[in-house]
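The values are calculated or read from the model by the stated rules, or taken from the named source; none is laboratory data. On a predicted model such as this, the values are computed, not experimentally measured, just so you know. For neighbour counting, all protein chains shown are included, and Cβ atoms are generated from backbone atoms with ideal geometry for every residue, glycine included. We work out accessible area using only protein heavy atoms, side chains counted, and drop any ligands, DNA or RNA first. Shrake-Rupley method; radii C 1.70, N 1.55, O 1.52, S 1.80 Å.
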Amino acid sequence: MEKQYSPQYIRIKNDILRKIREGVLAKDDRLPPERELAEEYGVSRVTIVGALRELAEAGTIRKVRGSGSYVNCACTDSDSPEELFDPLFAPAKITIRHGMLTGSPHMLLRMQILAALFRVENPDVSVEIEVVNPDGFADGSDPYLRLIGSGTPPATGEFFFYSDYSAMNALVPLENLPGFGEVTEKLYPAAVFKTLDASDSEHVHAIATRMNSRFLFVNQDFLAKAGIREIPDEVTNGILDEWCSILGAYSRRNPGNYGITMLMPQRWSNIVDKFPYLWGNGVNGISLEAFLNMLSSDAFLSGLSRLRRWREYGNPAPSGEEEELFALGKCGIFISTTLRPWTIVRNICMKRNFRIYRIPASPGQTESISVLGNFSVGIFRSGIRNDAEMEAAWKWLRFLFRKRAQYQLSCDFDLPTLEGARSCLDTLPVLESDLIRNAVHTARPQFDFKYQRPAFTVFGRELSACLKGEITPRTCASNAIMKMGELFGNLQP
């Protein structure tokens, strides 16, 4: 039976759509005259006019003056999943926008389906999903900062490195919103951390929706072709020295193959994955001070020397093609990455004989300490126009943290921040899934401080020069510290 909160003209429109989907009405069929439709549905002619007007505006039918209304299409299949649910509802009273950083098809589809599921439970609220950086991060800019500056951010969004937003008072503090405690008590503690606002007060400005750590990936088939047949249960830095030399020599003899994969810094990106090799036990916190302490440490110099040596010996994959080449079996070792190679292989339906390891512990460390990356969600102040939109935005974020909604359709291997939630990790062997979960639970949060992107951009240039052999690790550290001092002196953090 039709939902009674739908107006009559909506129910009539939906019934005509049903007839088109089921083939009762075919393309170019003429609909009965408005008078006959009014008699058939037991409504006034005005109601029929309203239903036909919506169908015409959607392009489903066309009106021909003096002739009548005709079906314009053979079916009403939609490219947008949330539109599949539209026939159940009247027009939404509130529409909010949700920003995504990634435009990958499977992630966009997942969010569109979640928005549709949210609409089923909240028929008065529609969530429009938009990709805020369709061109990627090639220019090093932050799309949200542009939107905040123009006063046009979405109501909610998914992002990382967001201290700049909170320092501008661009994000709504969440801890005092109704139901905050109920949401966070079910999350892993690392999913919730505070950042500073413009008055240097700490607040929870966002919450992580999914987390990952960094790992060492080994393609066992590639190693075997290069003559490495003994694969140990743990990999040390000494073993990596040997493997990089062997794989580099093998790949140079076989063009189109590469010994290692190491993402090169591009402005502020492709830096975080190097941290597990660069910090020692003395680095704590996510502040600028903690970052500078890392650059000043002996552990940083020795770790950077190793990365530079491996890149020199290992014949690395060309920049921009690293992940795809590794997933296609053209590289032996991925020095540091998330579980993205598995995701790529899964999406292209290929099988690879991968082995995953914790990144080896640095000298002086009792165990490997990875970096905890995350995608977080929050509410933008200038994306909210009134109390009703604020309530809708917070209701949408709470929806995302519920197990059924957040991970029912998960297509990646990131660890859910909701305790007990299932993800694709459950499809892996127990030893591997346990290794991944343990790495995430023991990882350090990534650095996140005001003006972090400019600071990382400065560091990224020096890091790239060092990995290419143009400057020494010590020069890399001293240049980065000096230039960041100049930068932050001007910015007055």
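The table below gives the values:
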read-out	value
Close pairs (7 angstrom Cβ cut-off, 6 or more residues apart or separate chains): of a type in the set (D, E, K, R) in the range 161-178, open to solvent by 40 Å² or more (accessible area, probe 1.4 Å) anywhere	ASP164/LEU145; ASP164/LYS450; ASP164/TYR451; GLU175/HIS203
Conditions (1) within 15 Å of PRO265 (Cβ to Cβ); (2) without any contact (Cβ under 8 Å) to a residue 12 or more places away in the chain: number failed by GLU321	(1)
Qualifying residue in the range 119-137 (condition: assigned to a helix (DSSP H, G or I), touching a residue at least 40 places away in the same chain (Cβ under 8 Å) and either crowded, with 18+ Cβ neighbours inside 10 Å or of a type in the set (Lys, Arg) (or both))	no
Lone unmet requirement of (1) outside any helix (DSSP H, G or I); (2) at pLDDT 90 or above for THR102	(2)
Pairs with Cβ under 8 Å, 6+ apart, first in the range 206-227 and without any contact (Cβ under 8 Å) to a residue 60 or more places away in the chain and under 21 Å from ASP273 (Cβ atoms), second open to solvent by 10 Å² or more (accessible area, probe 1.4 Å) and outside any loop (DSSP other than H, G, I, E, B)	none
Residue in the range 213-224 that is under 30 Å from ARG97 (Cα atoms) and open to solvent by less than 10 Å² (accessible area, probe 1.4 Å) present	yes
From GLU462, GLU432, GLU486, residue being part of a helix (DSSP H, G or I) and either at pLDDT 90 or above or closer than 28 Å to PRO318 by Cβ (or both)	GLU462
Residue in the range 286-309 that is of a type outside the set (Ser, Thr, Tyr) and on the phi > 0 side of the Ramachandran plot present	no
Which numbered condition PHE193 fails, given (1) under 24 Å from PRO416 (Cα atoms); (2) at pLDDT 90 or above	(2)
Failed condition for GLY420, given (1) small (Gly, Ala, Ser); (2) open to solvent by 50 Å² or more (accessible area, probe 1.4 Å); (3) outside any loop (DSSP other than H, G, I, E, B)	(3)
Filter pass, ARG444 being over 18 Å from ASN270 (Cβ atoms), at pLDDT below 95 and of a type outside the set (Val, Ile, Thr)	yes
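Residues are listed down the side, and each one gets a yes or a no for (1) out of contact with any strand residue (DSSP E or B) (no Cβ under 7 Å at 6 or more places or on another chain); (2) in a helix (DSSP H, G or I):
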| residue | (1), (2) |
| --- | --- |
| PRO153 | no, no |
| GLU158 | no, no |
| PHE161 | yes, no |
| VAL183 | yes, yes |
| SER199 | yes, no |
| HIS205 | no, no |
| ILE231 | no, no |
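This table checks each residue for (1) open to solvent by 10 Å² or more (accessible area, probe 1.4 Å); (2) among the β-branched types (Val, Ile, Thr); (3) closer than 24 Å to SER368 by Cβ.
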position: ILE246; (1), (2), (3): yes, yes, yes
position: GLN266; (1), (2), (3): yes, no, no
position: LEU295; (1), (2), (3): no, no, yes
position: LYS330; (1), (2), (3): yes, no, no
position: THR338; (1), (2), (3): yes, yes, yes
